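Here is the structure we will look at, set down as structure tokens.
The values are calculated or read from the model by the stated rules, or taken from the named source; none is laboratory data. For clarity, every value in this text was computed on a predicted model and none was experimentally measured. Using ideal geometry, Cβ is built from the backbone for each residue, glycine included, and neighbour counts are taken over all protein chains shown.
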């Protein structure tokens, strides 16, 4: 059989003669997207309508995601523009968290035709260099500092998308602020909790990363937020839009995200091909999410193949630097018991996976970089699949192949709703 999978902004076909399962996000009914957006803006959760919110705002700040998220910001702005254009004093801030600032190409990806129209109003958050204001300490001890622009524009609109996230539970909602607009130290202190076993995909209750994010935002008691939460299909179509109160709209969006991205799986495989689709394939740091979801479908001592173009290289250098210090993945895990820097959580996740599985990758990255991260480079998707089948057969096992074309977004689940 032939299976199509994303690679960069194109499609690759692979031929597989062995039995295989293709795990795709669930099909959902898509209505008129413009009507879906407008209806949500007029009927928010625990909030006045969007139009009323804007009318009551002398100054307005709009918080948008950077290019590492598939959020259809420009599509949302089609509906927002006629309303917000009447506000004389408004700014749009790109909530980069600890990521690099957008390139010109990425600005156009985020804003589309609105980039030239709004570019004088757009600012970019810089976790290390933007002016910050300290707001307090969370119950878990995170010292919370946010971009001071929040205090200058207390009426805030957030636009983000909600998908599964491997340690925060889900993207969206509170992530517009932490990590989106937080200081580097605040992000680092929060993300340290990613090493906790309770910090995993789809988990919110008792997840220390999520709870710490919520507690940090509650320190912003003086702001008024109108949140726009979008649930997309993998193809980027708008399935649902929930608006209004930041926390309540997020929790409602999570339920719809589960409808799309939680895919049932009867049994694990000994070969898993997991794809980081564009734009989540920007670099190795972002692509690692596809490994985290893919490993849920993998048997012990199996082979997991990451497919990700990685045009932006490694991404966060710290996690590769840590992996490079060790000869064995177990050494990384031992090191992390005593020291943490932002990015180390990804090193820990890769190291943990490398203790019980073979990690391969088909990317544009240099093979020596991957080798330092305990990942074996493979040239070409078809060759990687064929080689993995040969190795499994040499072990005397029957190849059991699982392909996850949208690995960054698809979470394998068993029929009873528990992680396999």
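Within the stretch 46-64, the set of residues being in a loop (DSSP other than H, G, I, E, B) and either at pLDDT below 95 or out of contact with any helix residue (DSSP H, G or I) (no Cβ under 6 Å at 6 or more places or on another chain) (or both) comprises 47, 48, 56, 57, 58. Looking only at residues in the stretch 396-411 that are assigned to a strand (DSSP E or B) and at pLDDT 95 or above, the one that is surrounded by the most Cβ atoms within 10 Å (Cβ to Cβ) is 404.
The set of residues in the stretch 365-395 that are buried (at least 18 other Cβ atoms within 10 Å of the Cβ) and either assigned to a loop (DSSP other than H, G, I, E, B) or within 25 Å of the chain's Cα centre (by Cα) (or both) comprises 365, 369, 370, 373, 374, 375, 378, 381. Examine the stretch 304-320 for a residue that is modelled with pLDDT under 95, more than 24 Å from residue 372 (Cα to Cα) and surrounded by 24 or more Cβ atoms within 10 Å (Cβ to Cβ), and state whether such a residue exists. No. For residue 59, the stated conditions hold: it is closer than 18 Å to residue 157 by Cα, assigned by TED's automatic domain parsing to the domain that holds residue 152 and either in contact (Cβ under 8 Å) with a residue 12 or more places away in the chain or buried (at least 21 other Cβ atoms within 10 Å of the Cβ) (or both).
Pairs linking a residue in the stretch 115-126 that is assigned by TED's automatic domain parsing to the domain that holds residue 61 and at pLDDT 95 or above to a residue that is in a helix (DSSP H, G or I) and surrounded by 16 or more Cβ atoms within 10 Å (Cβ to Cβ), with Cβ atoms under 6 Å and 6 or more positions apart or on different chains, are 115/107; 115/108.
If the condition is being out of contact with any helix residue (DSSP H, G or I) (no Cβ under 9 Å at 6 or more places or on another chain), farther than 28 Å from residue 255 by Cα and touching a residue at least 60 places away in the same chain (Cβ under 8 Å), then the stretch 137-187 contributes 149, 150, 151, 152, 153, 154, 184. Between 67, 40, the distinction of being at pLDDT 95 or above and either assigned to a helix (DSSP H, G or I) or in the same structural domain as residue 162 (by TED's automatic domain parsing) (or both) belongs to 40 only.
Yes/no per residue for (1) in contact with a strand residue (DSSP E or B) (Cβ under 6 Å, 6 or more places away or on another chain); (2) surrounded by fewer than 20 Cβ atoms within 10 Å (Cβ to Cβ); (3) part of a strand (DSSP E or B):
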| position | (1), (2), (3) |
| --- | --- |
| 222 | no, yes, no |
| 253 | yes, no, no |
| 270 | yes, no, yes |
| 274 | yes, no, yes |
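Those strands (runs of 3 or more DSSP E) of the stretch 91-202 in which 2 or more residues are over 23 Å from the mean Cα position of the chain (by Cα) and over 26 Å from residue 352 (Cβ atoms) occupy 132-137.
Could we say that residue 16 is more than 18 Å from residue 231 (Cβ to Cβ) and under 23 Å from the mean Cα position of the chain (by Cα) here? Against the criterion (more than 18 Å from residue 231 (Cβ to Cβ) and under 23 Å from the mean Cα position of the chain (by Cα)), residue 16 does not qualify. Cβ-Cβ distances below 6 Å connect the following pairs, each with a first residue in the stretch 13-30 that is under 16 Å from residue 275 (Cβ atoms), a second residue that is surrounded by fewer than 14 Cβ atoms within 10 Å (Cβ to Cβ) and at pLDDT 90 or above, and a separation of six or more residues or different chains: 13/2; 13/4.
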